[in-house]
Structure formats: structure tokens, C-alpha cells
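Below: the structure, in C-alpha cells.
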Amino acid sequence: MGDLADRLATIDERIADAARAARRDPSELTRIVVTKFHPASLVEELYGLGVRDVGENRQQEFSRKAAEVGALAGLRWHFIGQAQTNKARAIRAAASVVHSLDRSRLADALDAASEPGDAVLDVLLQVNLTDDPGRGGVAPDDLEALAAHTAALPSLRVRGVMAVAPLDEPPAAAFERLNRLAGAVRAVVPDAEWISAGMTADFAEAIAAGATHLRIGSAITGPRPERG
Ligand SMILES: *Cc1c(COP(=O)(O)O)cnc(C)c1O
């Protein structure tokens, strides 16, 4: 617990430093702690340390963990992994934000999975910044059409874009591209101001390029246990 608190404080200082270096206000940034492969008890410890935003990337693990943790006032779960359309209801039931919306069919499935009384679901459009179509995310050329399609669905709210930096390119260049793509989405959805970018290895570059939501795992949680 002490170690976890130390790691969290250290990362928050580094985030604040990177924000100041980029002449940005650290309070504009949402730091999401990615808890994948860690037990529900880690989410509870983080909550005790004041963390209110946590991220998961596998639907089954996410649903199980969210049920185990139960209702904690103000806790927001961010779903950041590849999503199958037939799991849309399960994702919607537990997520406050879905960062990985990358195709119209998934938007339609998430919208159709809405039940009476559900809040509008915040979604980010995941962009593929690589040349490999097998990676998650919509191709940049198809991003504006996906934004328009999703914005027309009543139970979803397009908040912005999300991406993972490619391995074979400096992250700063990739995140600058993402920033321009975020502008293209804002031409379709003017208040879609969120940019989810930056992980343990590249959050400073993401902050410099305008990220608003950082997804940080191992630097805070420690090494991930073997996936089970
Ligand atoms: C695991 C994961 C992260 C966090 O990665 P770290 O390198 O541990 O900070 C961020 N985003 C996505 C989509 C992930 O799957």
C-alpha cells in the first residue's frame, strides 16, 4: 500500500511537471489508472488513495472486477480494449467511458444496448496510427464518417479521440498526428475535446501534444501479474 501510494504520487508529480513544461494546467488532465490483470482489491486500494478513474481492456475481466468492486461513489470505469459487438450490453452496463469505439457496427451495438434509465455513454473514437490494419482503431481516412455516424446515435456522446502510439515511430510525431485528427473530429462534433493518449512510456509526449486523458498502468500498479 505504501509503495502504491508512492508510485501514484511520483507519477502525478511527473504529470504535473510535463504539463508545466508544455505550459498547460495539470488540472486539465485526467489520469486513468489501468488496472488490467490486477485483482479487484487493487482498485479498492487505489480508490482509498483518491483514484476515481480506472481503466480495463478485456471485457470479461472488466465485468467481473466491476461486479466485485461494486458501487463506490464517484468511481469511473474506462473501457480501453477491443470490444466485440455481442458484448456491448456488458460493456455498457459497467463503463462510464468507452475509449475504443472504432467502427460503426460497434457504435450501433452500444447504442442498441442502451436500456431505459441508462445515462448517455461517453465514447472516444479510437484511431489507428499505424499502417497495420490489424491494429485496433479506425483508419484516419474513415474517422470523420465514424464521428458523424456515432454523433447521430441518441444514447452515445462523442467526446473525442483515443490512440496508442505505434512502436516504430517516435511518440511525439504520432501524437501530433492524433492532435490534428482530433481537430477533424471537432469539425463534425464541436465539443469533442478529449484526447486519450499516453501510457507509462510516453505520457509526457502525449501531454505536450494536447492529451487530456492519460492511461497509465505499470508505472503505478507495478508489473502486471501473469494473465490468467
Ligand atoms: C495496458 C494499456 C495501457 C497502460 O499501459 P502501461 O504501459 O502499463 O502504462 C494504456 N492503454 C491501453 C489501451 C492499454 O491496453
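The values are calculated or read from the model by the stated rules, or taken from the named source; none is laboratory data. Nothing here was measured: the structure is a model prediction, and the numbers come from that model. A quick note on method: Cβ atoms are made from the backbone with ideal geometry, for glycine too, and the neighbour counts reach across all protein chains shown. With ligands, DNA and RNA removed, areas are computed over all heavy atoms of the protein, side chains included. Shrake-Rupley method; radii C 1.70, N 1.55, O 1.52, S 1.80 Å.
Before we move on, is Glu193 within 15 Å of the ligand (Cβ to nearest atom) and within 18 Å of the chain's Cα centre (by Cα)? Considered against the rule, which asks whether it is within 15 Å of the ligand (Cβ to nearest atom) and within 18 Å of the chain's Cα centre (by Cα), Glu193 comes out as no. When Gly50 is tested against (1) more than 13 Å from the ligand (Cβ to nearest atom); (2) in contact (Cβ under 8 Å) with a residue 40 or more places away in the chain; (3) outside any helix (DSSP H, G or I), just one condition goes unmet, and that condition is (2). Only residues that are open to solvent by 30 Å² or more (accessible area, probe 1.4 Å) and either of a type in the set (A, V, I, L, M, F, W, C) or modelled with pLDDT of 95 or more (or both): list them for region 154-168, please. If the condition is that a residue be open to solvent by 30 Å² or more (accessible area, probe 1.4 Å) and either of a type in the set (A, V, I, L, M, F, W, C) or modelled with pLDDT of 95 or more (or both), then Pro154, Arg157, Arg159, Val164, Leu167 are the ones that fit. Among the residues of region 138-149, is there at least one that is surrounded by 15 or more Cβ atoms within 10 Å (Cβ to Cβ) and within 29 Å of Val51 (Cβ to Cβ)? No, every residue in region 138-149 fails to be surrounded by 15 or more Cβ atoms within 10 Å (Cβ to Cβ) and within 29 Å of Val51 (Cβ to Cβ).
The lone criterion from (1) at pLDDT 95 or above; (2) more than 16 Å from the ligand (Cβ to nearest atom) left unmet by Gln126 is number (2).
Restricting region 86-110 to residues that are part of a helix (DSSP H, G or I) and open to solvent by 40 Å² or more (accessible area, probe 1.4 Å), the residue that is nearest to the ligand (Cβ to nearest atom) is Lys87. The set of residues from region 170-180 being touching a residue at least 40 places away in the same chain (Cβ under 8 Å) and more than 16 Å from the ligand (Cβ to nearest atom) comprises just one member, Arg177. Within region 111-125, being open to solvent by less than 20 Å² (accessible area, probe 1.4 Å) and touching a strand residue (DSSP E or B) at 6+ places or on another chain (Cβ under 6 Å) holds for Leu121, Val123, Leu124, Leu125.
Contact map, region 207-218: first residue of a type in the set (Val, Ile, Thr), second residue part of a loop (DSSP other than H, G, I, E, B) and open to solvent by 10 Å² or more (accessible area, probe 1.4 Å), Cβ cut-off under 6 Å, separation 6 or more or different chains; pairs are Ile207/Ala22; Ile216/Thr200.
Criterion applied to Gly137, Gly222, Gly183 was being out of contact with any strand residue (DSSP E or B) (no Cβ under 9 Å at 6 or more places or on another chain) and within 14 Å of the ligand (Cβ to nearest atom), and the one residue passing it is Gly222.
Candidates His78, His38: the one that is in contact with a strand residue (DSSP E or B) (Cβ under 6 Å, 6 or more places away or on another chain) and within 12 Å of the ligand (Cβ to nearest atom) is His78. Thr200 meets the conditions (1) in contact with a strand residue (DSSP E or B) (Cβ under 6 Å, 6 or more places away or on another chain); (2) open to solvent by 10 Å² or more (accessible area, probe 1.4 Å); (3) more than 12 Å from the ligand (Cβ to nearest atom) in every case but one. The failed one is (3).
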